[in-house]
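Asker: Let me begin by handing over the structure; questions about it come next.
Readers should treat all values here as calculations from the given coordinates under stated rules, not as data from a laboratory. Everything numeric in this text was worked out from a predicted model, so none of it was measured. Methodologically, a virtual Cβ is constructed for each residue, glycine included, from the backbone with ideal geometry; neighbour enumeration extends over all protein chains shown.
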Amino acid sequence: MLQNEQEFIRILKERLEGTLAREELDDIVSDYSEHFRMGKESGRTDEELCKSLGSPEDIARELKALHLVKKAENSKSCRNIFHAVIATLGLGLFNLVFVLVPFLILLVMLFVVFIVGILFAVFGPVGFVFSLIQLAGQPAFAIWLNPAAGAFFAISITTMGLLLIIGDYYLARFFYRVGIRYLKWNISVITDTEEI
Amino acid sequence: MSAKEPGDDMFADLVSRLNLSGLTVTKIILWLLAITIVSFVIGVGILAVFGDLPGGHGKTASPFVESGSLGNTSSFPLEGATYGSVGITMGAGELTVRGGAPEDTLMEATVFYRNAEWQPVIAESVNGSQKSITMTDKGHTAKEWVAVHSPNTWDVQLSNQVPLDLTVHTGAGDTSLDLSHLNLASLVVENGAGDTEITLGSAPVPGSVEINLGIGDLTLRVPKSGNTRIIVHSGVGDVSRSGFVEQGEFFTTPGYDPERPVTEIRVKQGVGSTSLEAV
Amino acid sequence: MNIQFKKGVLEICVLSVLAHKDCYGYELVNEISKRIDISEGTIYPLLHRLKDEGYVTTYLQESAGGAPRKYYRLTESGRKEEHEQKEEWMRFCASVNALLEGKNNAAE
């Protein structure tokens, strides 16, 4: 691919414009500009330098992913972690397996725990009320054979539901942090390249 | 790294919005955990003492309860009636209804229960040549439920001799109806929670046959030679139809002929599997 | 598709070179690419990241040619990190070598 310095820098800028802060982007650009300058001073051509640096698209992708992961680390929110994961996926197809799948599994797990918690917390009190009605003598509401025991079971189901919901929150927090570390590791260690 | 602002961290946000400090959350968790464990243990304890644990046998510890189980049989003769109507209402327990009552008897019911106060109320009435019987669970007061251990078992035999309207309502428990030898005029079965097993005969039922179940499995057996069509509305659960033919929204017995007298069965089921068998 | 894990080693290489002396960008890239065949472009994002994590700082210095160059220098925590990673790498190499030699002995 025939390229020159302007192309290289242009592509970098184009890819990173919306994401990186102005200051950071200028920093990066100056790094590569300086590299080109030094290279040319040693007598290398634009083309040669471009080839040895590698694809600016790949570099931009890595920088973008790093930036978004850092952002998700500093400011914990659903949308930030979501963006960070998406950017990391862009680093290579294999990340569909190593990043996307675990991420989806985690989401499903958190969701299921939450739903079960809600169900318990809602139907626990309902069961409790039914038990009381049953104890008061209404066989039509008979949902278990021993309503006295049933009432206590209903209580424990309700509190268990609440515990599940609270536990889910802590689980989410834990996996958020672990996730950030994992993404950082993923970005720094693995690269998918056609050449080399 | 920039200083953290309140809106930046959705986790911190959530906690602060609920106006809790870390310390209070821990307390809440410990309380919830304690209540869960204690309630569960109490529940199990109640079952253990009063004997409703699966596989366990009850202890008759209460002064309200007479030891041993009581059973008695009541017989209700036809007395010349040529048509019968039987209504059975049971709150919770096991119910079996079958044909083969002795000659000239409309209904013979055998009831097993722990406490004499649990004896069902049976009322008869006569209207011309029709005799009606209702058998009803009185309903249980709190004292009885805590003091008494199930089982509550009714075994009802009905007459094969006269046409019968049969209505069965059960709140909770397994219901087993072998109506294959009965001369059934109409049938209504309602079971709130529990498994239901119904076997019908080949004679067509002129009236409606309605089966409404809340939670539990249904097994419905119909002779292949009967002229039967069944429509099923099932909420959650599989519907299996061995031996039946699917015709539109109905399941029919093989050789179904709408020109001849038909038994039409309507099944409504909430949660549970529906097993239709043409035998 | 060709997944490579050379990138993982890049960090310890960069830290090691900087542990010996401060370098400017181009110099660092040359030092490393002399020994390892790797896309040079990824070294700059790496330096960027190391700076973010506080292992490395930069300063400008006038050069003979006139234009100031950006130099990279290891911080205290950078040195510690370099030390740790080097030890870990040495241990890893030793284990791998032991395995390899063990296998060769068995083959003989």
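Asker: Can you give the FRET efficiency for C:TYR59 and A:CYS78, using 1/(1 + (r/R0)^6), R0 = 45 Å, r = Cβ-Cβ distance, to the nearest 0.05?
Answerer: The formula returns an efficiency of 0.70 here.
Asker: So which GluC sites (Glu not before Pro) in region C:6-94 end up in coil per DSSP with only 10 or fewer other C-beta atoms within 10 Å?
Answerer: C:GLU62
Asker: May I ask you to derive the FRET efficiency for C:GLU84 and B:GLU277 from their Cβ-Cβ distance with R0 = 41 Å, giving the value to the nearest 0.05?
Answerer: Values: r = 72 Å, r/R0 = 1.76.
Efficiency at R0 = 41 Å is approximately 0.05.
Asker: Here's something else I'd like to know. So how strong a dipole does chain A carry about its Cα centre when Lys and Arg Cβ are +1 and Asp and Glu Cβ are -1, to the nearest 20 debye?
Answerer: Values: 18 positive and 22 negative charges, 239 e Å.
I would put it at about 1140 debye.
Asker: Oh, and also: Over the Cα atoms of region A:1-120, each weighted equally, I'd like the Debye log10 I(q)/I(0) at q = 0.11, 0.13, 0.16, 0.18 Å⁻¹, rounded to two decimals.
Answerer: Each listed q corresponds, in turn, to -0.51, -0.65, -0.85, -0.97.
Asker: Moving on to the next point. Starting at 0 and stepping by 10 Å, how many percent of the alpha carbon pairs of region B:9-50 end up in each bin?
Answerer: Pairs per bin, as whole percents: 25, 30, 21, 16, 8, 0.
Asker: Separate question: What is the pair-distance distribution P(r) of region B:70-278, computed from all Cα-Cα distances in 5 Å bins starting at 0, with each bin given as a whole percent?
Answerer: Here the calculated profile for region B:70-278 is 1, 7, 16, 19, 18, 16, 11, 7, 3, 1, 0, 0.
Asker: Karplus couplings for region A:25-33 from phi (6.51 cos²θ - 1.76 cosθ + 1.60, θ = phi - 60°), rounded to Hz, Gly and Pro as x?
Answerer: Per residue, the Karplus-derived 3J(HN,Hα) values read 4, 4, 4, 4, 4, 5, 4, 6, 4 Hz.
Asker: Further question on the same structure: With a point put 7 Å past each Cα toward its Cβ, work out how far A:VAL97 is from C:CYS93 in nm, to one decimal.
Answerer: Placing both labels 7 Å beyond Cα along the Cβ direction yields 3.1 nm.
Asker: If a paramagnetic tag sat 7 Å from the Cα of A:ASN4 along the Cα-Cβ line, which residues of region A:40-56 would have the backbone N under 17 Å from that point?
Answerer: What the label zone holds, given the 17 Å backbone N cut-off, is A:40-41, A:43-51.
Asker: Further question on the same structure: Taking every pair of Cα atoms in region A:1-54, average 1/r, invert it to obtain the Kirkwood radius, and report Rg/Rh to two decimals.
Answerer: Answer for region A:1-54: 1.00.
Asker: Give, to the nearest whole percent, the P(r) tail of chain C beyond 22 angstrom, counting all Cα pairs.
Answerer: Considering chain C, 42 percent of its Cα-Cα pairs are separated by more than 22 Å.
Asker: Round to the nearest 0.05 the FRET efficiency obtained for A:VAL122 and C:ASP37 when R0 = 60 Å and r is the Cβ-Cβ distance.
Answerer: About 0.45, to the nearest 0.05.
Asker: Taking θ as phi - 60°, what are the ³J(HN,Hα) couplings along region C:67-78 by the Karplus curve (6.51, -1.76, 1.60), each to the nearest whole Hz, with x for Gly and Pro?
Answerer: Each residue's phi maps through the Karplus curve to give 6, x, 10, 8, 9, 10, 9, 6, 8, 4, 5, x Hz.
Asker: Averaged over every viewing direction, what's the projected area of the C-alpha convex hull for the protein assembly as shown? Give it in nm², one decimal, please.
Answerer: Spelled out: convex hull of the Cα atoms, projected over all directions, averaged, 45.5 nm².
Asker: Along Cα→Cβ, 7 Å out, is where each label goes; now give me the distance between the ones at B:ASP257 and B:LEU14 in nm to one decimal.
Answerer: 6.8
Asker: Hey, another quick one. List every residue whose amide H lies under 5 Å from the amide H of B:ALA203, counting only residues 5 or more places away in sequence or on a different chain, with H placed 1.01 Å from N in the peptide plane.
Answerer: none
Asker: Among the listed pairs A:LYS51/C:LYS7; A:LYS70/C:LYS34; A:LYS71/C:LYS34; A:LYS13/A:LYS70; A:LYS13/C:LYS80, which have their C-alpha atoms separated by more than 23 angstrom in this model?
Answerer: A:LYS70/C:LYS34; A:LYS71/C:LYS34; A:LYS13/C:LYS80
Asker: Now for a separate question. For region C:1-86, which trypsin sites (Lys or Arg not before Pro) pass both filters: DSSP loop (anything but H, G, I, E, B) and at most 16 other C-beta atoms within 10 Å?
Answerer: Sites meeting the loop and neighbour criteria: C:LYS21.
Asker: Output ³J(HN,Hα) for region A:45-52: one whole-Hz value per residue in order, computed from phi by the Karplus curve 6.51 cos²θ - 1.76 cosθ + 1.60 with θ = phi - 60°, and x for Gly and Pro.
Answerer: Running phi through 6.51 cos²θ - 1.76 cosθ + 1.60 with θ = phi - 60° gives 8, 3, 4, 4, 4, 4, 5, 6 Hz.
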